[in-house]
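Working notes, structure below.
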Amino acid sequence: MSVTIKEPFVVGEKPAPLDYQFLDANGAVINITGWSAEWHIQERYGAPVILTATISDGPNGKVRHTFTGTEFATPGSYTGQFWVGNGTNRYASTAIKFTVAAAIGTVPSI
């Protein structure tokens, strides 16, 4: 299963944070309090990139990536995946697919 972000990103954008909730096979929340998190992205033809993610609400299984504006250096079709782990257990999110379009002109510093 994968999730598709419907609104395309543009190279250089800093959109609102991306949130994800980890649930088990029965739909119950996985408590990830005290765990570590990462967000991995890969453009279809590029190398994977590991980015920061935070546990935003551990008891409710929620993670977050806050954009810096440097995640998407090139336009393309990307897939992302959150990872969480505590040294004993490790879980991956469903695939998150999204498109990144070219910016018109130079990305402003605003």
Cut-off is 10 Å between beta-carbons; in what order do Lys62, Lys6, Lys97 appear when sorted fewest neighbours first? Lys6, Lys97, Lys62
Subtract the Cα-Cα distance of Ile30 and Val49 from 0.36 nm times their separation in residues, and report this length gain in nm to one decimal. 4.3 nm
Across 5 Å bins from the origin, how do the percents of Cα pairs in segment 2-101 run, short distances first? 3, 13, 24, 26, 17, 11, 7, 1
Debye, to nearest 20: dipole size of segment 2-101, +1 on Lys, Arg Cβ, -1 on Asp, Glu Cβ: 80 debye
Residues Thr54, Thr88, Thr94, sorted so that the one with the fewest Cβ neighbours within 10 Å comes first: Thr88, Thr94, Thr54
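Since every read-out is calculated from the coordinates, none of them should be taken as a lab result. Since this is a predicted model, take the numbers as computed values, not measurements. With ideal geometry, Cβ positions are generated from the backbone for all residues, glycine too; neighbour counts draw on all protein chains shown.
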